[in-house]
Amino acid sequence: MKKKHCPGNRRSRAPMPVGMGEALGQSEAFLLFQERLSRVAPINRPVLLLGERGTGKELAASRLHYLSDRWQGPLVALNCAALSASLIESELFGYEKGAFTGAQQRRTGRFEAADGGTLFLDEIGNIPIEVQEKILRIVEYNTFERVGSSETLEVDVRIIASTNADLIDLSQRGRFKKDLLDRLSFEVLYLPPLRERKEDIMLLANHFAARMTAELGREKLPRFSDRAADDLLAYDWPGNIRELKNTVERAVYRSDSNIITSIDFNPFSSPYMEKASIAGGAGRQLAPEKTSCDELLCKPINEAVRELKTRMLEKALKETRYNQKEAARRLGLTYHQFRGLYRQLKDQVK
């Protein structure tokens with residue numbers, strides 16, 4: 001017999017909500033994504049959010065919820081990548097007292113907590129296949145049982161799921177149920193990476209810079225120099241908005257004035273690595289050189305020059321996290337000279 005879940009009977013700790021944040025942008029890619037999101041938000045069906053890390057999938061899930069008819073209901077999240085396979089089931093469905101060692105009292109799960117609202121399953125590709133079966137049942141029939149119970153509960157939950165994994169590939173390899181993928185993909189929204197939103201980079205950078213300035217208690221609004229702005233626009237942002245936020249905030253707090261002139265894209269670059277190399281082995285080197293200078297001197301001059309250029313190009317790119325304009329500056333080249341050199345040696349550069 002099905003039992004309708006009553007939110008008033010909850011005794012578990014409050015689930016982690018998904019916070020609201022800003023969705024800023026003016027690029028065509030950003031506006032098109034927001035248009036598609038707004039169109040599907042009122043439709044009471046599951047939505048899949050696909051995108052690279054740092055593109056704002058959690059924020060998109062928040063907007064889907066608050067633009068829907070469920071906006072007054074709870075918005076509950078579960079980061080599936082942060083839990084072991086053995087814990088995900090009890091987190092999602094709850095458990096009864098005595099269901100397993102350590103279960104000293106009944107606990108409700110995320111599905112019960114999200115009754116009447118939305119459940120956001122972040123990194124859904126990490127959910128074990130046996131738990132996917134139970135999620136499929138909820139999607140189809142709105143029913144489930146707590147771990148250690150045979151009592152069937154009924155809930156009304158909209159599922160929004162996200163991942164940066166290839167769910168099609170996972171389903172073909174038997175690691176993600178095809179039936180569940182079909183059910184969850186009523187609409188699939190791809191979040192555009194920041195490199196496809198060039199028009200938004202400075203808008204976001206100025207926003208993050210202003211917030212960091214306020215946090216530091218400074219009065220003057222920050223401004224990026226032309227060189228710093230060029231660097232921000234030239235970078236590919238593999239970490240997307242999250243990386244941009246960290247990079248900008250770091251630049252603001254390090255600056256002694258409101259004019260931001262320097263951007264550090266790689267905080268992990270050791271200031272001691274070059275010194276250790278110059279010391280001739282006095283300190284332990286983190287990475288040995290492929291070929292010593294003496295070995296280069298034994299090679300034909302054209303071969304030696306080409307290898308030296310390749311090694312210097314590799315070093316400059318790695319130290320600048322492949323920011324080509326910054327790499328060109330480190331090598332004492334114009335950007336066009338750098339591009340010509342890179343095209344010439346790209347097959348040898350690793």
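The values are calculated or read from the model by the stated rules, or taken from the named source; none is laboratory data. Worth saying up front: this structure is predicted, and the values here are computed from it rather than measured. Quick reminder, even Gly has a Cβ in these numbers, built from the backbone with ideal geometry, and neighbours come from all protein chains shown.
Quick grid of which residues meet (1) assigned to a loop (DSSP other than H, G, I, E, B); (2) polar (S, T, N, Q); (3) over 20 Å from the mean Cα position of the chain (by Cα):
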residue	(1), (2), (3)
55	yes, yes, no
72	yes, yes, yes
87	no, no, yes
112	no, no, yes
125	no, no, no
query: Is at least one residue of segment 178-187 in a strand (DSSP E or B) and at pLDDT 95 or above?
result: yes
statement: Expected single match for in contact with a Ser or Thr (Cβ under 7 Å, 6 or more places away or on another chain), surrounded by 12 or more Cβ atoms within 10 Å (Cβ to Cβ) and at pLDDT 70 or above among 348, 344 is 348
- prompt: So which residues in segment 190-204 are of a type in the set (D, E, K, R) and either in contact with a helix residue (DSSP H, G or I) (Cβ under 7 Å, 6 or more places away or on another chain) or closer than 15 Å to residue 229 by Cβ (or both), if there are any at all?
  reply: 196, 197, 198, 199, 200
message: Tell me whether segment 142-158 contains one or more residues that are in a helix (DSSP H, G or I) and either modelled with pLDDT of 95 or more or surrounded by 15 or more Cβ atoms within 10 Å (Cβ to Cβ) (or both).
response: no
message: Just to verify a result, which residue in segment 127-168, among those that are hydrophobic (A, V, I, L, M, F, W, C) and closer than 17 Å to residue 64 by Cα, is farthest from the chain's Cα centre (by Cα)?
response: 157
message: Given the criterion out of contact with any Ser or Thr (no Cβ under 7 Å at 6 or more places or on another chain) and either farther than 26 Å from residue 238 by Cβ or surrounded by 20 or more Cβ atoms within 10 Å (Cβ to Cβ) (or both), identify the matching residue among 77, 61, 82.
response: 77
- prompt: Assuming residue 179 fulfils every condition listed in (1) without any contact (Cβ under 8 Å) to a residue 60 or more places away in the chain; (2) within 24 Å of residue 112 (Cβ to Cβ); (3) surrounded by 15 or more Cβ atoms within 10 Å (Cβ to Cβ) apart from one, which condition is it?
  reply: (3)
task: Pick out the one residue from 118, 163, 143 that is more than 25 Å from residue 57 (Cα to Cα), in the same structural domain as residue 41 (by TED's automatic domain parsing) and in contact with a helix residue (DSSP H, G or I) (Cβ under 9 Å, 6 or more places away or on another chain).
output: 143
